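The structure appears below as structure tokens.
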Amino acid sequence: MGKGSEDLPAPAFTRLEDFVQHYLCEVVNRKIGPQPSHGLAWDARWWRHSEVVARLTALWWAFEDVRASADDPSAMSNWWIRHCDPHLRVLRDGETGPMSHATDDGTWLGHGELDAGHPPEGWTRPSRLTP
């Protein structure tokens, strides 16, 4: 029988910004490039980048889910390997990541959204892409 919500531990963090500031930024230690687009990137104003917020939210939710799985001792390792490391590779990519050209003065606002046109009338997704 599954655990009821009353059996789950309280979340370690109730807000994304607390997860980022009091967990992620404390445990992840990487050399950040000396200038934009050189080496790993991180913008202290991470909340200004929608992709960063979306990915960090996914990491946070996965983290809280892992904490609740006390019956799986390898759950946290899996979180690092399957969730955290892949997201951080994208987020901190110094060439193409969402914070890759961030400046100390905060004047760079990001790469911008992807451009997507509307499919033509009658378009349907190819059947090979349908699960």
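General remarks:
- Meets criteria (out of contact with any strand residue (DSSP E or B) (no Cβ under 9 Å at 6 or more places or on another chain), assigned to a helix (DSSP H, G or I) and either free of Cβ contacts under 8 Å to residues at least 40 places away in the same chain or aromatic (Phe, Trp, Tyr) (or both)) for residue 26: yes
- Residues considered: 103, 124. Of these, the only one that is among the β-branched types (Val, Ile, Thr), surrounded by fewer than 13 Cβ atoms within 10 Å (Cβ to Cβ) and free of Cβ contacts under 8 Å to residues at least 60 places away in the same chain is 124.
- Qualifying residues in region 91-131 (those that are under 25 Å from residue 59 (Cβ atoms) and of a type in the set (S, T, N, Q)) - the one modelled with the lowest pLDDT: 103
- Looking only at residues of region 7-61 that are over 12 Å from residue 102 (Cα atoms) and among the β-branched types (Val, Ile, Thr), we find that the one that is surrounded by the most Cβ atoms within 10 Å (Cβ to Cβ) is 52.
- Answer from 94, 117, 122 - the residue that is in contact with a His (Cβ under 8 Å, 6 or more places away or on another chain), more than 28 Å from residue 13 (Cα to Cα) and small (Gly, Ala, Ser): 94
- Check on residue 33, modelled with pLDDT under 90 and out of contact with any Leu (no Cβ under 6 Å at 6 or more places or on another chain): no
- Search result, residues across region 45-96 that are closer than 25 Å to residue 110 by Cβ, touching a residue at least 24 places away in the same chain (Cβ under 8 Å) and not in a helix (DSSP H, G or I): 45, 49, 92, 93, 94, 95
The values are calculated or read from the model by the stated rules, or taken from the named source; none is laboratory data. Remember, predicted model here, so these are calculated numbers, not experimental data. Because the Cβ atoms are built from the backbone with ideal geometry, glycine has one as well, and the counts that use them run over all protein chains shown.
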